[in-house]
Structures are given as structure tokens and as C-alpha cells.
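The values are calculated or read from the model by the stated rules, or taken from the named source; none is laboratory data. Quick caveat, the model's predicted, so the values are computed rather than measured. Cβ placement follows ideal geometry from the backbone for every residue including glycine, while neighbour counts extend to all protein chains displayed.
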Amino acid sequence: PVPRPLGLLALQRAAGNAAVVQQVQRYAVGVPATADHATLMAWMQGNNPYAPDEAARTTARFRYNVTWDHSGESGSWTLTPRDTSTVTVTKSVDMPVWRARDPALQAAWAAGVTALRAHEAQHEGVADTWRTTLLGRLLAFSTSSSAATLQAARNEANTALAAEWQTWLAEHQAEQSALDPYSVVVANPQAPPATP
């Protein structure tokens, strides 16, 4: 089994499993077990679902649940999220799966996939950190409204928060994108040793 990133364990301890959901799925590599290194790598670089720049993908989906506190009166409202408001993240990791008949190529493949999984764990760590960041930003959010009713003020607050949320998610995605491209690296067991 692949160890969970430490950020995920810490987040689960702090916030509970309800705040973090993780799913690892696998896609089949479309070459036979008898394929050689060149055939395997050609397929990975040209045919995997995330080719040509990646061999796996981690997706993080964030959701918030907000309940508003308010002060003021008709025409002059201030709304802030209650401290019971939450942010959850659901992560999915799509990894390649394949088994070589040749033990040397299988060992090289396993090493490459282990490194790839470690890279995807970095993406998971970014998502875990951003869940905490998003919650902090959500709880610090405040908006004013000149609406006549509290319900209208809440509607305006929801619209303002939704717009701000999208800018925060764009920041998260920029941090995720900075980790890529990364593709699976599988050493060729048939390659002659490098000369010093």
C-alpha cells in the first residue's frame, strides 16, 4: 500500500474524516504484459488519458457550507460566516496500472509508479493545505449590504462569497499547476549501463 501524505493524516486528525474524502482509481495501460520498454513508454507518452504531459491526475473538489451571522438593520447589514461554517475537499487520484511479465521491467515499472504516486501525493498535500486556507478565508469573509430585508442581504452575501470563492479556487489551481508537468519515468532494464 502507498502511504498517505502526512498532510492528509494531520487534516483527518484535526477535522475528522468528514472533511477529507480520498479516492484512488486506476486506468489500465493498453499494452500486453509481454510488451518491451519502448512499447510501454510509447503508449504512456501518447495514449494515456493525460498524455502527453502527465501520466496520472489528482483532482480536488472543494465545497463550503455557510451559515450567516448578521448585524445591523434594514438598509445597513453586515454579514459574516458563523464559526460552524465548513469547507470539505474530495480528492480523486487516477493512476496507471500494468503488470509486466519480465521481472526486470516490472521492477522498473513499480519504481516509476511509486515515484509517480509520490508526486500525486504532493498534489493531495496542496489540496489539504488549501482546505485549511479556504476555511480560514471563509471564516474571515465579511460583506455589507444595503438590502431592505435580511433575506435579500443573505442572498447578496451568498453571491459575493461565491464570486470570491472562485478567485480562491483559481489560486489553488495555480499552485497545483506549478507542480506539473510530471510523467512516469521507467528505467529501461535492457539499456547498457552508463559509462562514467
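For the range 160-178, does any single residue satisfy the condition of being at pLDDT 95 or above and within 20 Å of Gly30 (Cα to Cα)?
Within the range 160-178, the subset at pLDDT 95 or above is 160-178.
Now restrict to residues that are within 20 Å of Gly30 (Cα to Cα): none.
Looking through the range 160-178, none of the residues is at pLDDT 95 or above and within 20 Å of Gly30 (Cα to Cα).
Looking at (1) in a helix (DSSP H, G or I); (2) under 30 Å from Glu73 (Cβ atoms), which is the one condition that is false for Thr132?
Of everything listed in (1) in a helix (DSSP H, G or I); (2) under 30 Å from Glu73 (Cβ atoms), Thr132 misses just condition (2).
Pick from Ala100, Ala148, Ala121: which is of a type outside the set (Ser, Thr, Tyr) and not in a loop (DSSP other than H, G, I, E, B)?
Residue meeting the stated conditions: Ala121.
Looking only at residues in the range 157-177 that are of a type in the set (A, V, I, L, M) and touching a helix residue (DSSP H, G or I) at 6+ places or on another chain (Cβ under 9 Å), which one is farthest from Thr80 (Cα to Cα)?
First pass over the range 157-177, keeping only residues of a type in the set (A, V, I, L, M): 157, 160-163, 169-170, 174.
Retained after the next criterion (residues that are touching a helix residue (DSSP H, G or I) at 6+ places or on another chain (Cβ under 9 Å)): 161, 169.
Numbers: Leu161: 10, Leu169: 20 Å.
Out of the qualifying residues, it is Leu169.
Among the residues of the range 67-95, how many are out of contact with any strand residue (DSSP E or B) (no Cβ under 8 Å at 6 or more places or on another chain) and either in contact (Cβ under 8 Å) with a residue 40 or more places away in the chain or at positive phi (or both)?
Qualifying residue count, the range 67-95: 3.
Kindly provide the set of residues from the range 28-44 that are in contact (Cβ under 8 Å) with a residue 60 or more places away in the chain and either surrounded by 17 or more Cβ atoms within 10 Å (Cβ to Cβ) or in contact with a Ser or Thr (Cβ under 7 Å, 6 or more places away or on another chain) (or both), ordered by number.
Once the filter is applied, which keeps residues that are in contact (Cβ under 8 Å) with a residue 60 or more places away in the chain and either surrounded by 17 or more Cβ atoms within 10 Å (Cβ to Cβ) or in contact with a Ser or Thr (Cβ under 7 Å, 6 or more places away or on another chain) (or both), the range 28-44 yields Val29, Val31, Ala35, His37, Leu40, Met41, Met44.
I'm checking my understanding of the structure. Among residues of the range 144-156 that are touching a strand residue (DSSP E or B) at 6+ places or on another chain (Cβ under 7 Å) and under 13 Å from Ser71 (Cα atoms), which one is surrounded by the most Cβ atoms within 10 Å (Cβ to Cβ)?
Step one: list which residues in the range 144-156 are touching a strand residue (DSSP E or B) at 6+ places or on another chain (Cβ under 7 Å), which gives 144-147, 150, 153-154, 156.
Those left that are additionally under 13 Å from Ser71 (Cα atoms): 144-147, 150, 153-154.
On the way: Ser144: 14, Ser145: 21, Ser146: 12, Ala147: 18, Leu150: 16, Ala153: 24, Arg154: 18.
It comes out as Ala153.
Would you check which residues across the range 92-108 are more than 18 Å from Pro49 (Cα to Cα) and crowded, with 19+ Cβ neighbours inside 10 Å and list them?
Within the range 92-108, Ala100, Leu105, Ala108 meet the criteria.
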